[in-house]
Amino acid sequence: MDRRVKARLKYFLENGKIKEALAFIEIVETTESNRTEAQHNALFHWFNLIEKDAENQGVTWERVIEHTHQLKITKQNLHAMCKQLQQALWGTTSTKELKKIGHIDIIIDHFTDLFSKVGLELPPFPDEKIRLKKTNSK
């Protein structure tokens, strides 16, 4: 329980305001509960509508991202970017489906080209010794 919620609830109870405490609990439970299945479905339906509109109007991520406000580069969205590139190039969606020879080199080339356009030099891809060390330490 959030400390502010706890403090407010404590205030109501210490001052004998049981009805207010119960109403407050109801509000907290309503606003902090997970989304419903209907909300989930609506959200993904909306994503689908946006995707179709963007495709019909020729709007790409490149055009959208240049107008965003400091989106942080994380390994999660780099992974998502990799999967989208993989889908476009080979029709697969899991990075586990990348071929042992060639595919990763092509992904690296695309990433290097993209990030060089914004002045970011990428670190070198880990060599065999580093990859083996990381695998063996798991």
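The values are calculated or read from the model by the stated rules, or taken from the named source; none is laboratory data. Just so you know, these numbers come straight off a predicted model, no measurement behind them. Every residue, glycine as well, gets a Cβ built from its backbone with ideal geometry; the counts of neighbours run over all protein chains shown.
Laid out as a table, the results:
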| read-out | value |
| --- | --- |
| Complete set of residues in the range 74-108 that are over 16 Å from W61 (Cβ atoms), among the hydrophobic types (A, V, I, L, M, F, W, C) and loosely packed, with under 11 Cβ neighbours inside 10 Å | I101 |
| Of all residues making up the range 3-56, the number that are at pLDDT below 75 and not in a helix (DSSP H, G or I) | 4 |
| Among the residues listed as V64, V59, the single one being modelled with pLDDT under 85 and surrounded by 12 or more Cβ atoms within 10 Å (Cβ to Cβ) | V59 |
